[in-house]
Amino acid sequence: MNENGSRVVVITGGSRGIGRCVALKFAEEAARIVLVHYDPDESAAQETLALLKEKGVQVEAHKVDVSVRQEVEELFGDILERYGRVDVLVNNAGITRDTLLMRMGEKDWDAVLNVNLKSVFNCTQAVIRAMIKQRSGCIVSMSSVVGQIGNVGQANYSASKAGIMGFTKTVAREVAARGIRVNAVAPGFIDTEMTAALPEKVRQKFLEQIPLGRMGRPEEVAEVVYWLCSDSASYLTGQVIHVNGGLYM
Ligand code: NAP
């Protein structure tokens with residue numbers, strides 16, 4: 001916590017979808033929130049900023065490509081200089097470039113691996129020294145059920161999300177003695193712009209496989225992220241928490 005007693009929370013992909021809901025959840029405790037987004041059309045980020053400001057929290061948004069190391073280093077250098085600490089990092093930014101392996105171009109592979117996985121390395125490494133110095137911190141990265149079970153057309157995406165699971169477990173082991181907890185959340189089929197882009201047939205096929213019989217809401221994922229970063233989860237590290245309506249058990 002900083003001198004005001006509020007946590008400094010950085011959320012990548014905080015402009016919309018799950019990231020926006022995570023930010024709104026942290027706003028309930030009056031955290032200082034830093035949103036990271038990418039789209040040059042900043043309307044989603046502006047909308048999220050307005051929603052958070054309505055709640056009276058201190059919030060700022062930065063347009064940074066989390067897959068670009070230098071941009072990430074500059075962002076976190078600036079945050080650490082101004083706030084002196086980062087208490088929570090939520091590695092949530094993610095993209096899809098779906099197609100069958102037979103047709104998958106190197107560009108689609110690299111884009112997804114860079115935005116979904118390399119970004120987690122970039123951002124985590126950018127905060128870890130500060131967290132070690134603080135002897136506290138929580139890192140939660142957004143994996144996916146398909147990192148566990150695979151999915152046709154998502155070789156790049158599922159590889160990136162499985163990579164997050166391995167990364168999480170390794171870093172959790174490396175920093176546990178310093179009071180830092182590192183976990184991942186693996187959502188199933190959640191109602192956001194990412195899944196809205198899927199063809200109706202694919203959506204129906206997914207729905208048929210979900211025991212709870214419906215898509216998840218981004219708020220339901222945000223609750224778990226928030227809980228993982230709370231003292232109620234003080235004995236959890238290196239875990240992948242599945243939030244998927246039973247799609248994978
Ligand atoms: P979404 O609505 O598509 O939002 C993606 C977020 O990532 C946006 O805030 C976007 O910023 C940001 N982003 C994309 N590329 C970026 C980059 N290069 N640098 C910085 N930010 C970038 O996605 P979502 O459904 O909320 O998903 C959030 C996370 O959960 C992702 O990692 C996704 O893979 C994972 N997940 C989602 C589902 C699901 O069913 N929705 C399931 C499992 C896992 P802009 O607004 O600026 O573009």
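The values are calculated or read from the model by the stated rules, or taken from the named source; none is laboratory data. Nothing here was measured: the structure is a model prediction, and the numbers come from that model. Positions of Cβ are backbone-derived with ideal geometry, glycine not excepted, and every protein chain shown enters the neighbour counts.
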Of Val36, Val57, the only residue that is away from the ligand (no atom under 16 Å from the Cβ) and closer than 24 Å to Tyr226 by Cα is Val57
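Listed here are the residues, each with its yes/no results for (1) closer than 23 Å to Ala93 by Cβ; (2) modelled with pLDDT of 95 or more; (3) touching a strand residue (DSSP E or B) at 6+ places or on another chain (Cβ under 7 Å); (4) surrounded by fewer than 18 Cβ atoms within 10 Å (Cβ to Cβ).
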site: Lys205; (1), (2), (3), (4): no, no, no, yes
site: Tyr226; (1), (2), (3), (4): yes, yes, no, no
site: Ile241; (1), (2), (3), (4): yes, yes, yes, no
site: Leu247; (1), (2), (3), (4): yes, yes, no, no
I'd like the residue in the range 98-149 that is small (Gly, Ala, Ser), surrounded by 18 or more Cβ atoms within 10 Å (Cβ to Cβ) and not in a loop (DSSP other than H, G, I, E, B) and, out of all such residues, is nearest to the chain's Cα centre (by Cα). Ser141
Given the condition buried (at least 20 other Cβ atoms within 10 Å of the Cβ), of a type outside the set (Ser, Thr, Tyr) and more than 7 Å from the ligand (Cβ to nearest atom), answer yes or no: does some residue in the range 41-48 qualify? no
For the subset of the range 146-198 comprising residues that are among the acidic types (Asp, Glu) and at pLDDT 95 or above, which member is farthest from Ala44 (Cα to Cα)? Glu174
So if I check each of Val185, Val171, which one is part of a helix (DSSP H, G or I), of a type outside the set (Lys, Arg) and either surrounded by fewer than 19 Cβ atoms within 10 Å (Cβ to Cβ) or in contact (Cβ under 8 Å) with a residue 12 or more places away in the chain (or both)? Val171
Under 8 Å between Cβ atoms, which residue pairs at least 6 apart in sequence (or on different chains) link something in the range 48-66 that is touching a residue at least 24 places away in the same chain (Cβ under 8 Å) and closer than 14 Å to Arg20 by Cα with a partner that is within 14 Å of the ligand (Cβ to nearest atom) and part of a loop (DSSP other than H, G, I, E, B)? Thr48/Gly14; Thr48/Ser15; Thr48/Arg16; Ala61/Gly14; Ala61/Ser15; Ala61/Glu42
Looking for something of a type outside the set (Ser, Thr, Tyr), within 10 Å of the ligand (Cβ to nearest atom) and assigned to a strand (DSSP E or B) - is there at least one such residue anywhere in the range 191-205? no
Quick check on the range 82-93. Is at least one of its residues more than 14 Å from the ligand (Cβ to nearest atom) and hydroxyl-bearing (Ser, Thr, Tyr)? yes
Of the conditions (1) in contact (Cβ under 8 Å) with a residue 12 or more places away in the chain; (2) within 14 Å of the ligand (Cβ to nearest atom), Gln70 satisfies every one except a single condition; which number is it? (1)
Taking the options Gly213, Gly166, name whichever one is away from the ligand (no atom under 15 Å from the Cβ), within 17 Å of the chain's Cα centre (by Cα) and surrounded by fewer than 15 Cβ atoms within 10 Å (Cβ to Cβ). Gly166
Which condition breaks for Asp87 when tested against (1) crowded, with 20+ Cβ neighbours inside 10 Å; (2) without any contact (Cβ under 8 Å) to a residue 24 or more places away in the chain? (2)
Do any residues in the range 150-165 that are without any contact (Cβ under 8 Å) to a residue 40 or more places away in the chain have Cβ atoms under 8 Å from those of residues that are part of a helix (DSSP H, G or I) and not small (Gly, Ala, Ser), where the two are at least six apart or on different chains, and which pairs are they? Asn151/Tyr157; Ser158/Val146; Ala162/Gln148
If I ask for residues that are under 16 Å from the mean Cα position of the chain (by Cα) and under 15 Å from Ala155 (Cβ atoms), which ones from the range 72-97 would you list? Ile95, Thr96
